[in-house]
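Below is one structure, written out as structure tokens; comments come after it.
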Amino acid sequence: MKNTMRCLGVIALVALIGFALVACDNGMTSELDGNWESTYGMAIRMSGGGAVITRLPTTGYWGDAANKGYIRINSQKFRNIRKTGNYTWEGENLIVRYSGSSATGIEWQSTTISLSSNNQTFTTYNSGNSTGSWTRR
């Protein structure tokens, strides 16, 4: 009987820890998770501290970068995102380097993400300058 109670206690403890881990929201990016579309025609899927490109613009710097093979569908757009406040995160944002109207490469830049209080739009800022606005889809 003593061994049965001990076994049941261990099972209950394991179950409790398992449920706690499943229910735990680490606060990293859950408000950002989902599908987003930029004002310049790119679409991304945000999840777990990063985002991948699901649709690329066909024109502009991003279209030129795709035509030159610098980026493609499923390339990362954001990475290493971590929550810094109620509606703010920091991480890295993939940007296109360009000369004139031609894409010359890509690079990662530090970015701040600012989410609207209704969780439907966010804006990114690199070095304090707005680099894009996104709407939940």
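Some points to look at:
- Within the shell defined by Cβ-Cβ distances under 12 Å, the residues around residue 88 carry a net charge of 0, with Lys and Arg each +1 and Asp and Glu each -1.
- Karplus (6.51, -1.76, 1.60) ³J(HN,Hα), θ = phi - 60°, over the stretch 54-69, in Hz, Gly and Pro reported as x: 10, 8, 10, x, 9, 10, x, 4, 5, x, 5, 4, 5, 4, 8, x
- Kirkwood radius and radius of gyration were both taken over the C-alpha atoms of the stretch 27-136, and their ratio Rg/Rh is 0.95.
- Charged neighbours of residue 65, selected by a Cβ distance under 15 Å, balance to +3 (K, R count +1; D, E count -1).
- ³J(HN,Hα) computed for each position of the stretch 34-47 - Karplus, 6.51 cos²θ - 1.76 cosθ + 1.60, integer Hz, glycine/proline x: x, 9, 9, 10, 8, 5, 9, x, 7, 10, 9, 10, 8, 6
- Note that the stretch 50-95 shows a convex hull volume over its alpha carbon atoms of 78 Å³ per residue.
- Subtracting the Cα-Cα distance of residue 133 and residue 59 from 0.36 nm times their residue separation leaves 24.9 nm of extension gain.
Coordinate-derived values only; no laboratory data. These numbers were taken from a predicted model, which means no experiment stands behind them. Quick reminder, even Gly has a Cβ in these numbers, built from the backbone with ideal geometry, and neighbours come from all protein chains shown.
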